[in-house]
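Have a look at the structure below, then the notes.
The values are calculated or read from the model by the stated rules, or taken from the named source; none is laboratory data. This structure is a prediction, so every number in the text was calculated from the model and none was measured. When we count neighbours, we look across all protein chains shown, and the Cβ atoms used for this are built from the backbone with ideal geometry, even at glycine. These area figures cover heavy atoms from the full protein model, side chains too; ligands, DNA and RNA do not enter into them. Shrake-Rupley method; radii C 1.70, N 1.55, O 1.52, S 1.80 Å.
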Amino acid sequence: MDIQALETFIRTAELLHFGRASQACNLSPSALTRTIQRLEEEVGQPLFLRDNRRVALTEAGNQLLNYARKAVHDWTHFREGLTREESVSGTISIYASITAVYSLLPELLEAYRAKFPDVHLGLRTGAAERAIEQVHSGEIDLAVAARPDRKLQRLEFRPLAETPLVFIQPGTPAFPKVGKFRGQEPLVIPQAGTARNRLDEWFRSNGLTPNIALEVSGNEALIAMVRLGTGIGVVPKLALERSPFRDEVSILRNAPNLKPYVVGLVSSKRNLKYPAVRAMWELAESLQP
């Protein structure tokens, strides 16, 4: 398998449309089809399911997508290492939640672009609780994540900010106002992550079973569902302050005092050997007050 073929496959898998993928890859439709066919011959299984209405990845296609992203990622950094000059250049990929993009990254990215203009920055957004797994998988160089309570394996953490975890309740009249949290109220909680772990630990230590109304992915979605009156939620205050719904929910004052969030950059020890990644890591430290 060559890297260019893997890049073509990745683009096709992301778009799930052969016509748009051929345009994005600057290939004719027949050339793109031949590339996919050669990959399928090498894998020994179909990579896509195609009919007149849609295109979907097969199980083999999903597995190859994970492999291809990591292979392209490693090849890019290997090539940059061979051609390294005194100036920092190349490409780095960053994963962050929408809240982090708005609140934590602007100053860092602006300073980085000014100091290292030859580095191409790739930014992917998603749920905060998926940040660490993105680095673990090898798809991402750096991620913005909450520091977990367990020790990170083969990863490094650079703090950027600390923010309290707050309980919020709907502002809608249809949801009865809660004066004090007793642990029996309907909850909107994260599917995974640091906030979920700390909330679960509070319920265990108090011998209570949570009344889970809804599990969601991402703080932004959680705040939106609390606003609709689904239940009480737990979010970092930083996320609440950046939410467009911040005035339509309220912080529950008489609530458990959970350990605050420490949010920062996460990267692997291997990635930090790359000059462009290391430069951002060190710049983040220099910008800390």
message: Calculate the FRET efficiency for Glu110 and Glu241 from the Cβ-Cβ distance with a Förster distance of 25 Å, rounded to the nearest 0.05.
response: 0.75
field: Segment Tyr102-Ser30, length gained on full extension (0.36 nm per residue, minus Cα span)
entry: 21.7 nm
message: Using a Gaussian network model on the chain with a 10 Å cutoff between Cα atoms, which of Ala255, Ala145, Ala128 fluctuates the most?
response: Ala255
message: What FRET efficiency comes out for Asp51 versus Ala5 if R0 is 25 angstrom and r is the Cβ-Cβ distance? Round to the nearest 0.05.
response: 0.55
field: In nm, spacing of pseudo-spin labels at Glu201 and Ser89 (7 Å Cα→C-beta vector)
entry: 4.7 nm
- request: Please work out the Cα center distance from the range 1-47 to the range 162-209, rounded to the nearest Å.
  value: 46 Å
field: Listed peptides 49-58, 185-194, 219-228 by packing density, highest first (mean Cβ within 10 Å)
entry: 219-228, 185-194, 49-58
Mean ellipticity per residue at 222 nm, deg cm²/dmol - from DSSP H runs of n ≥ 4 across the chain, formula -39500 (n - 2.57): -12500 deg cm²/dmol
task: Hey, can you find the accessible area per residue of the chain for me, probe 1.4 Å, expressed in square angstrom?
output: 54 Å²
Sorted peptide list for 69-78, 271-280, 26-35, 89-98, criterion being average Cβ within 10 angstrom, highest first: 89-98, 271-280, 69-78, 26-35
statement: In the chain the accessible area split gives carbon plus sulfur, as whole percent at 1.4 Å, a share of 48 percent
query: At a Förster radius of 35 Å, what calculated FRET efficiency corresponds to the Cβ-Cβ distance of Ala174 and Leu208, to the nearest 0.05?
result: 0.90
message: Among the complete DSSP H segments of the chain, which ones combine at least 15 Å of alpha-carbon extent along their axis with a mean Kyte-Doolittle hydropathy of -1.0 or more?
response: 3-15, 29-43, 59-82, 275-287
statement: Pseudo-spin-label distance Ala279 to Arg20, built 7 Å along Cα→Cβ, given in nm, is 3.3 nm
Long-range lysine pairs (8 or more apart or interchain), the chain, Cα under 29 Å: 16
